[in-house]
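Where a number appears in this text, it was derived from the coordinates with a stated rule and is not lab data. Being a predicted model, the structure only gives us computed values, none of them experimental. A quick note on method: Cβ atoms are made from the backbone with ideal geometry, for glycine too, and the neighbour counts reach across all protein chains shown.
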Amino acid sequence: MSLSDQAFFADYATRLSAILSVSDWSGVIELAHDLRKCWQTRKSVFLCGNGGSAGNAIHLANDYLYGIAKKNGGGLRVHALPANAAVLTCLGNDIGYDQIFAEQLAVQADQGDVLIVLSGSGNSPNIISALEQAKTMDVKSYAILGFSGGRAKSLADVAIHFPVEDMQIAEDLQLVVGHMLMQWLYANRPQLSLVEEVSQAIG
């Protein structure tokens, strides 16, 4: 590896670590407790994003479905809204790409559920529509954002904002927060009563 290559990769690592070292984690703490409450009360959690953020939404849904509990039926009721290509192409074709997440929420979400949107800019029309739909349904919304935070910063009930002008680092930070939450939830997983344990064991 040349010195210029070494400097390039070191610079990326420095920029990522710099934003982590000065971040406010209060929104993440609030989200952690809301996710645990959803887990305890069997409420649903919805994640959405576009492009790399869509991939992150699907990744984190996997972590929260199984990784936080690691036992049959023990995880969160979690839905990655970008995951079903048939649904996305149907909604995009019939009612518009800006409604692909909002319409799924309108069908599937209930009062007391939680929405987590992942966005670099915070200005994607389908992210804005999802946040607006959540407000009409009393679904608490969180937004994990980069850059200026965009419109989503003020629309979300809680904005977890990293003011970094780099899409890749913004997407890295979505997973950092997601994995922090995964480990916190596993460490603070609800304890089942003996009756619940027996019920799960016998199916």
Query raised in the report: With the contact rule set at Cα under 8 Å and sequence spacing of 6 or more, what percent relative contact order holds for the range 134-176?
Result: 36 percent
Report summary line: Between F46 and residues 5 or more places away or on another chain, the pairs with built amide H atoms under 5 Å apart involve H79, V114, L115, I116
Requested in this report: Among the chymotrypsin sites (Phe, Trp or Tyr not before Pro) in the range 12-61, which ones are in a DSSP loop with at most 16 other Cβ atoms within 10 Å of the Cβ? Mind listing them?
Outcome: W25
Report task. Go through K37/K71; K43/K71; K43/K70; K71/K135; K70/K135; K37/K135 and tell me which ones have a Cα-Cα distance over 22 Å in this structure. Result -> K71/K135; K70/K135
Report task. Determine, for S4, S124, the number of other Cβ atoms within 10 Å of each Cβ, and report the residues in order from fewest to most. Result -> S4, S124
Query raised in the report: Which ordering of L81, L91 is given by a fewest-first count of other beta-carbon atoms within 10 Å?
Result: L91, L81
Requested in this report: Rounded, prolate or oblate: pick one for the chain, where a ≥ b ≥ c are the square roots of the eigenvalues of its C-alpha gyration tensor, a/c under 1.5 means rounded, and failing that, prolate if a/b is larger than b/c, else oblate.
Outcome: oblate
Requested in this report: Determine ³J(HN,Hα), in whole Hz, for all residues of the range 81-94 in sequence, where each value follows from phi through the Karplus function 6.51 cos²θ - 1.76 cosθ + 1.60 and θ = phi - 60°; x replaces Gly and Pro.
Outcome: 5, x, 7, 9, 4, 5, 5, 4, 6, 4, 5, x, 6, 8
**Report entry** Residues F162, F8, F147, F101 arranged by fewest to most Cβ contacts within 10 Å
**Finding:** F8, F147, F162, F101
Query raised in the report: Toward the positive end of the charge dipole of the chain, about the Cα centre and with charges on Cβ (Lys, Arg +1; Asp, Glu -1), which of P125, L16, W39 goes farthest?
Result: W39
Query raised in the report: Remind me, relative contact order of the range 58-110 in percent, using alpha carbon pairs under 8 angstrom and six or more residues apart?
Result: 23 percent
**Report entry** Pairwise FRET efficiency - V22 versus D110, Cβ, R0 = 35 Å, nearest 0.05
**Finding:** 0.40
Report summary line: Expected vector for the range 46-56, Karplus 3J(HN,Hα) from phi with 6.51, -1.76, 1.60 and θ = phi - 60°, integer Hz, x for Gly and Pro, equals 10, 10, 8, x, 10, x, x, 5, 5, x, 5
**Report entry** the range 102-117 - phi-based ³J(HN,Hα) in whole Hz, Karplus 6.51/-1.76/1.60, Gly and Pro as x
**Finding:** 4, 5, 5, 4, 4, 7, 9, 7, 10, 3, x, 6, 10, 10, 10, 9
Query raised in the report: Of the trypsin sites (Lys or Arg not before Pro) in the range 13-64, which ones lie in a loop per DSSP and count no more than 15 other C-beta atoms within 10 Å?
Result: R42
Query raised in the report: At a Förster radius of 25 Å, what calculated FRET efficiency corresponds to the Cβ-Cβ distance of M137 and I58, to the nearest 0.05?
Result: 0.65
Query raised in the report: What spacing in nm lies between the two simple spin-label points modelled at S2 and C90, each 7 Å away from Cα in the Cβ direction?
Result: 5.3 nm
Query - Percentage relative contact order, the chain, counting C-alpha pairs under 8 Å, at least six apart - result: 21 percent
Query raised in the report: Under a point-charge model restricted to the Cβ atoms of Lys and Arg (+1) and Asp and Glu (-1), what is the dipole moment magnitude of the chain relative to its Cα centre, in debye to the nearest 20?
Result: 540 debye
Report task. Would you mind checking which residues have amide H under 5 Å from S148's amide H? H placed 1.01 Å from N; only 5 or more apart, or other chain. Result -> none
